[in-house]
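Below is one structure, written out as structure tokens; comments come after it.
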Amino acid sequence: MAPQPLGITRNAEENGGPVAARSSEERAENLTVSGGKAAMTRKDYDAFCGGLPHATHVVQWGDASVWKIGGKVFAIGGWSHGDEFAVSFKCSKTSFAILSELPGLRPAPHLASRGLPWMQRVDTHSLSDHDLKQYLRQSYAMILAARPKKIQEALRARI
């Protein structure tokens, strides 16, 4: 997939989901100019992650906003020296391969280098806030599904 020009984002409302879940034809025909909309802030990120059932928050690793489910990390906010708030999330290997080729995204520092399929959105050139939220939900679900059944049942009992 060839990189897209800067200022182009996926129109998530028309597509209804994350970038990697769409066919290449859908991705190509649903491009819109971002219009300079500001990216998700740390406050927005924390509010969204905090709304997921049983998500817990800790600040660690040099002021990173880390969200966990069942004691395991599903999202990390921070870890970037850029102007925009960066967000890292776990994804499938297929999503990792696709997202790695897009501007505004990169393999997550410290995680992808260890062979883990984690991506970091550093700006909104290719992944809108709506799509980012979809990936955060998927990361949450993937981490929860990998937890032992006993932990999953304990979390469900608290609902």
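For the reader, a short list of remarks on this structure follows.
- Over 27 Å between alpha carbons, listed pairs K43/K93; K43/K72; K43/K149: K43/K93; K43/K149
- Net charge dipole size for region 38-157 [Lys, Arg +1 and Asp, Glu -1 on Cβ; Debye, nearest 20]: 720
- Judged by the ratio a/c of the largest to the smallest principal axis of the C-alpha gyration tensor, region 38-157 counts as prolate, that ratio being 1.5 or greater while a/b is larger than b/c.
Values in this text are rule-based calculations from the coordinates and carry no lab data. Computed from a predicted model, the values in this text were never measured in an experiment. Quick reminder, even Gly has a Cβ in these numbers, built from the backbone with ideal geometry, and neighbours come from all protein chains shown.
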